[in-house]
Amino acid sequence: MTINFILPFAGNKPIGGFKIVYEYANRLAGRGHCVNLIHPSYTFKESAFNNAKYLIRYYQRKIDKSYDPGSWFKLDPKVNSLWVRKIDNDNIPDADILIATAWRTADCSEKLDKSKGEKYYFIQHYETWNGNAEDVNKTWKMPFKKIVIADWLKNIAESMGEKAYYVPNAFDFSEFGMDIRPEERKDRKVMMLYNDLEFKGSIYGLTAFRRLKKEFSDLEVSLFGVPDRPADLPDWIEYHQTPERNLLRRLYNEASVFISPSLAEGFPLPPAEAMMCGAALACTDIGGHREYAIDDKTALLFKPKDSDAIIAVLEKLLTDRELRIRLAYSGNDYIKQFTWDRSVNDFEKILAEN
């Protein structure tokens, strides 16, 4: 099969949803399929299409190829990575399958000719954080075959009267793994992904850390993320901007606890990567986390938007060593079921039904 994956923009910065699409592209290409990764420079309304900023960025990326993931993800040479001005019939190659990977790409792909591929919609989130609910819901009702990465997304599709295939995210167990046993780690070393988007909930984690430092003077906190280090971050909190994979693996392995305070997630990768590396997980009780976070079995869950709830959970994990170690091992064991072989097999089968 010839398969078109349509991304919403350039892939130059590490984003979990892009990583999953790139993995599918590599693995499907490895199975003999012709895969096109299409990165458009623009998916917004036509009113700003000729804005000088977008034109300059388009030509700059076309020349230096900065639309590709570069160092943060290695694409298989067999994958065709393309940079196009916009999503239309002139820019999208003919294919058997066309897969929109975000609500804006579904919106732009709806009117493409059948020659561009049987239309699928790979849904990784309910993207009301990136668009209004009316526009997002409209794309869920489009005549695309839907593939979702989490049960909570499948439930949303079914509530709209739409059929959706469930294929959970998967992990490369050679990329992340347990190098330091949980019992050999510092009891009070906490790690968190920092993101300045409001729905990621970082502010609630940071508030909890500042208050906990008064209770536990030996508390150590390590953050990583794509943005610059926050200007008001205390000196005692480490910050690693866009760390390389080997450094990130080491940070996960040094952490005794990983906290994820997000308000909404599709199927988040960093908390699961931390579990792969043997950190005990504490996270919000939301749909995306529930794919692998089972309260008091593989993680401790807490209410979103509640720094007090974060503090209560972290106090347990920072003082009850036995609990922390038990959750670390049970979480590490549970996450091993999410293999790429299983997910790619299921994904390929769905596409073959075309």
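The values are calculated or read from the model by the stated rules, or taken from the named source; none is laboratory data. Quick caveat: nothing in here was measured; it's all calculated off a predicted structure. Counting neighbours? That spans all protein chains shown, and the Cβs are built from the backbone with ideal geometry, glycine included.
Scanning the range 1-56 for residues that are part of a helix (DSSP H, G or I), touching a Ser or Thr at 6+ places or on another chain (Cβ under 8 Å) and modelled with pLDDT under 95 turns up just one, Tyr54.
Note on the range 295-329: residues that are closer than 18 Å to Phe209 by Cα and among the aliphatic types (A, V, I, L, M) amount to 10.
Taken over the range 106-135, the criterion of being of a type in the set (Val, Ile, Thr) and surrounded by fewer than 20 Cβ atoms within 10 Å (Cβ to Cβ) is satisfied by Thr128 alone.
Kindly evaluate Ala299 against the criterion of being outside the structural domain of Gln124 (by TED's automatic domain parsing), touching a residue at least 40 places away in the same chain (Cβ under 8 Å) and within 20 Å of Arg185 (Cβ to Cβ). No; evaluated as a whole, the condition is false for this residue. Could you say whether any residue in the range 57-74 is modelled with pLDDT of 95 or more, under 15 Å from Thr101 (Cβ atoms) and surrounded by fewer than 19 Cβ atoms within 10 Å (Cβ to Cβ)? Yes, the range 57-74 has at least one match.
Residues in the range 196-236 that are farther than 22 Å from Thr284 by Cα and part of a helix (DSSP H, G or I): Lys214, Glu215.
Does Leu193 fit the bill of being within 19 Å of the chain's Cα centre (by Cα) and under 30 Å from Asn12 (Cβ atoms)? Break it down into steps so the answer makes sense when it comes.
Values: within 19 Å of the chain's Cα centre (by Cα): yes; under 30 Å from Asn12 (Cβ atoms): yes.
So Leu193 passes the test.
In the condition set (1) without any contact (Cβ under 8 Å) to a residue 24 or more places away in the chain; (2) closer than 30 Å to Leu219 by Cα; (3) not β-branched (Val, Ile, Thr), Lys141 is compliant with all but (2).
Here are Ile286, Ile311: which of them is modelled with pLDDT of 95 or more, outside any helix (DSSP H, G or I) and on the phi < 0 side of the Ramachandran plot? Step through it out loud before you land on a result.
Numbers: Ile311 fails: outside any helix (DSSP H, G or I).
Just a single option satisfies the conditions, and that option is Ile286.
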